[in-house]
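Right, one structure below, let's go through it.
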Amino acid sequence: MNSFTFYSPTKVIFGKDAEMHAAREIKAFGGTRVMVVYGGGSVVKSGLLQKITKQLEDNQIPYTTLGGVKPNPLLSLAREGIRQALEFEVDFILAVGGGSVIDTAKAIAHGVANPDIDIWKFWSREAVVEKSLPVGVVLTLSAAGSETSDSAVITNDEIRSKRGLSTEFNRPRFALMNPELTYTLPRYQIMCGIVDIMMHTMERYFSPELGNDLTDEIAESLLRVMIKNGPIALENPTDYHAMSEIMWCGSLSHNGLTGLGGKGDFATHQLGHELSAMFDVAHGASLSAVWDSWARYCFNVNPERFAQFGRKVWGISEGSAEAIGKAAIERTEAFFASVGAPTCFSELGIGVQPDEVVRELADRCVYFGQRTIGSFRVLGRDDVYQIYA
Ligand code: NZQ
Ligand code: ZN
């Protein structure tokens, strides 16, 4: 086996009524003054926010709230949150929502702990996070995996740049995961979640460093569980079994487990982030729109890996390795289409883009020549252009 470090310190409380442990867990992790962060109103409408704030009141925990987090969350709101959190002297941030809310909570936590550093410097790599505030999560959307991940993705609205930051300081202290809280999700968001969860696993599976059998088996089984339960959840978003399987897949797909001993690729995520930065499209949809192009572009690097993916995930047994690998790409693309996920720019709702826009996307994706993306196949500007085109 290849060596690895596995660190996933988030305490997970999973199941019905999990959200009722919020006050207790905040106290257990030392929180005494709390900022509750939420999104555009789904948690107000569902009554969840009120359930949480009542617990805080019943436990005499002073709190302030920050709502209005948008999908593809903005740096400007995180900055506003930091200002308010400092004023209220909070020592704990509670995210009640999906990935965008959680990532905003993480950004606020870093900003409050480092009031003299402009937080964007953490994302632009001009500064390193060395301390942060504790963050807890009440999850309402199975998708980003931010409830257990070491990453946070923020969009700088001034320069239209969407960037991820990986640091162990991004790991939430706890995640309260009640699948029933996802029953109110629109089908589009369930679909985006299915794609994102699968992609977090596939981005690790297509790695230049292979050989950890258990890692592969975990990844393959997680993908099979998603392929089985995704369509059931879309058909009936109140199916507890399907929604709970998806929820747990979401956390395990992005806490590191599915890639131990390998080197994540994550090119598709970088390609997708650029689309979200430019067109504000949903994250999951941005991934399915480019994955098949990425896969076909990178296929020849290791056809046998695509064949293993075909055999173990899609159950394809007939034909040469090359044929099975190619069929696996087609099956994945067809699965995405079957759950309503876009597989091209037009389906993503941005239309066919003129060449100068595609070139700009490619330039931005490689930070104007300052980086390459991917590891399965390392991609430079021209490769990125070919994949987008
Ligand atoms: O804002 P509200 O009103 O709450 O509505 C949200 C939002 O419109 C809605 N929603 C959430 N829970 C709901 C609900 N609606 C009804 N019922 C519920 N229970 O869903 C919409 C999308 O929410 P968002 O948080 O944006 O979705 P998601 O969890 O997919 O997060 C996407 C963000 O996470 C980033 C993405 O790039 C994107 O910015 N990612 C974060 C990662 C991480 N931190 O580890 C990794 C991922 O790869 C990803 O990049
Ligand atoms: Zn993702």
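The values are calculated or read from the model by the stated rules, or taken from the named source; none is laboratory data. Because the structure is a prediction, the values reported are computed rather than measured. Cβ coordinates were reconstructed from backbone atoms using ideal geometry, including for glycine residues, and neighbour counts include every protein chain displayed.
Given the conditions (1) within 16 Å of ligand 2 (Cβ to nearest atom); (2) crowded, with 23+ Cβ neighbours inside 10 Å; (3) not hydroxyl-bearing (S, T, Y), and given that A95 satisfies all but one, which numbered condition is not satisfied?
(1)
Let's see how each residue does on (1) in contact with a Ser or Thr (Cβ under 7 Å, 6 or more places away or on another chain); (2) β-branched (V, I, T); (3) under 25 Å from E274 (Cα atoms); (4) within 16 Å of ligand 1 (Cβ to nearest atom):
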{"residue": "S76", "(1), (2), (3), (4)": "no, no, yes, yes"}
{"residue": "F88", "(1), (2), (3), (4)": "yes, no, no, no"}
{"residue": "K106", "(1), (2), (3), (4)": "no, no, yes, yes"}
{"residue": "V128", "(1), (2), (3), (4)": "no, yes, yes, no"}
{"residue": "V137", "(1), (2), (3), (4)": "no, yes, no, yes"}
{"residue": "E180", "(1), (2), (3), (4)": "no, no, no, yes"}
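Just for the range 216-254: of the residues that are within 20 Å of T332 (Cα to Cα) and of a type in the set (S, T, Y), which one is farthest from ligand 1 (Cβ to nearest atom)?
S221
Out of (1) without any contact (Cβ under 8 Å) to a residue 60 or more places away in the chain; (2) touching a Leu at 6+ places or on another chain (Cβ under 7 Å); (3) crowded, with 24+ Cβ neighbours inside 10 Å, the odd one out for Q84 is which?
Of everything listed in (1) without any contact (Cβ under 8 Å) to a residue 60 or more places away in the chain; (2) touching a Leu at 6+ places or on another chain (Cβ under 7 Å); (3) crowded, with 24+ Cβ neighbours inside 10 Å, Q84 misses just condition (3).
Has the range 224-239 got any residue that is free of Cβ contacts under 8 Å to residues at least 60 places away in the same chain, small (G, A, S) and closer than 30 Å to V357 by Cβ? First the steps, then the outcome.
In the first step, residues of the range 224-239 are kept if they are free of Cβ contacts under 8 Å to residues at least 60 places away in the same chain; the result is 225-226, 228-229, 232-233, 235-239.
Of the ones still in play, those that are also small (G, A, S) are 233.
From what's left, closer than 30 Å to V357 by Cβ: none.
Within the range 224-239 (the criterion being free of Cβ contacts under 8 Å to residues at least 60 places away in the same chain, small (G, A, S) and closer than 30 Å to V357 by Cβ), the answer is no, since none of the residues qualifies.
Looking at (1) away from ligand 1 (no atom under 14 Å from the Cβ); (2) touching a residue at least 24 places away in the same chain (Cβ under 8 Å), find the lone condition where K121 falls short.
(2)
Before we move on, is L275 within 12 Å of ligand 2 (Cβ to nearest atom), surrounded by 24 or more Cβ atoms within 10 Å (Cβ to Cβ) and part of a helix (DSSP H, G or I)? Don't jump to the end; show me each part of the working.
Values: within 12 Å of ligand 2 (Cβ to nearest atom): no; surrounded by 24 or more Cβ atoms within 10 Å (Cβ to Cβ): yes; part of a helix (DSSP H, G or I): yes.
The answer is no for L275.
Just give me the residues in the range 278-332 being within 24 Å of the chain's Cα centre (by Cα), part of a loop (DSSP other than H, G, I, E, B) and either away from ligand 1 (no atom under 16 Å from the Cβ) or surrounded by fewer than 21 Cβ atoms within 10 Å (Cβ to Cβ) (or both), in sequence order.
Within the range 278-332, just D280 meets the criteria.
Only residues in the range 361-374 that are at positive phi count as the first member; pair them with residues that are charged (D, E, K, R) and modelled with pLDDT of 95 or more, Cβ under 7 angstrom, at least 6 apart or cross-chain, and list the lot.
As it stands, the answer is G369/R381; G374/D265, since those pairs meet every condition given.
Collect the residues in the range 248-258 that are in contact with a helix residue (DSSP H, G or I) (Cβ under 8 Å, 6 or more places away or on another chain) and surrounded by fewer than 24 Cβ atoms within 10 Å (Cβ to Cβ), keeping them in residue-number order.
L252, L257
Taking into account only those residues within the range 59-74 that are out of contact with any Leu (no Cβ under 7 Å at 6 or more places or on another chain) and among the aliphatic types (A, V, I, L, M), which is nearest to ligand 1 (Cβ to nearest atom)?
Filtering first and then ranking leaves L74.
Select from the range 138-150 the residues that are within 16 Å of ligand 2 (Cβ to nearest atom) and touching an Asp or Glu at 6+ places or on another chain (Cβ under 7 Å) and write down the one among them that is nearest to M226 (Cα to Cα). Give the steps one after another, and end with the answer.
Within the range 138-150, the first condition is being within 16 Å of ligand 2 (Cβ to nearest atom), and the residues that meet it are 139, 141-150.
Next cut, touching an Asp or Glu at 6+ places or on another chain (Cβ under 7 Å) only: 139, 143-144, 146, 150.
On the way: L139: 18, A143: 11, A144: 14, S146: 18, D150: 22 Å.
Out of the qualifying residues, it is A143.
Any residue in the range 280-303 that is more than 14 Å from C344 (Cβ to Cβ) sitting within a Cβ distance under 8 Å of a residue that is in a helix (DSSP H, G or I) and among the aromatic types (F, W, Y)? List the pairs, counting only those 6 or more apart or interchain.
From residues that are more than 14 Å from C344 (Cβ to Cβ), the pairs are A282/Y188; F299/F306.
For the range 179-194, which positions are β-branched (V, I, T) and over 21 Å from L223 (Cβ atoms)? Talk me through it step by step, then tell me what you get.
The initial filter retains those residues of the range 179-194 that are β-branched (V, I, T), namely 182, 184, 190, 194.
Passing the criteria: only T184.
Residues that are surrounded by fewer than 24 Cβ atoms within 10 Å (Cβ to Cβ): list the strands (runs of 3 or more DSSP E) wholly contained in the range 123-193 that include at least 2 such residues.
Values: elements: 135-139, 151-156, 161-166, 174-177.
Because the criterion is at least 2 residues that are surrounded by fewer than 24 Cβ atoms within 10 Å (Cβ to Cβ), the strands (runs of 3 or more DSSP E) in the range 123-193 that meet it are 151-156, 161-166.
Kindly provide the set of residues from the range 256-272 that are outside any helix (DSSP H, G or I) and away from ligand 2 (no atom under 13 Å from the Cβ), ordered by number.
Residues satisfying the conditions are G256, L260, G261, G262, K263.
Within the set of pairs 6+ apart or on separate chains, which have a first residue in the range 154-171 that is closer than 17 Å to A105 by Cα and within 14 Å of ligand 2 (Cβ to nearest atom), a second that is among the aromatic types (F, W, Y) and in a loop (DSSP other than H, G, I, E, B), and C-beta atoms under 9 Å apart?
G164/F266
Find all pairs meeting these conditions: Cβ atoms under 8 angstrom apart; at least six residues apart or on different chains; first residue within the range 195-214 and under 13 Å from G250 (Cα atoms); second residue within 16 Å of ligand 1 (Cβ to nearest atom) and aromatic (F, W, Y).
Close Cβ pairs satisfying both conditions: V195/F336; M199/W291; M202/W291.
Examine the range 304-322 for a residue that is within 19 Å of Q386 (Cα to Cα), away from ligand 2 (no atom under 16 Å from the Cβ) and either touching a residue at least 60 places away in the same chain (Cβ under 8 Å) or not polar (S, T, N, Q) (or both), and state whether such a residue exists. Quick ask: steps written out before the conclusion?
First, the residues of the range 304-322 that are within 19 Å of Q386 (Cα to Cα): none.
No: zero hits.
So which residues in the range 34-58 are in contact (Cβ under 8 Å) with a residue 24 or more places away in the chain, farther than 14 Å from V135 by Cβ and either away from ligand 1 (no atom under 16 Å from the Cβ) or of a type in the set (A, V, I, L, M) (or both), if there are any at all?
Selection gives V43, L48, L49, I52, Q55, L56, D58.
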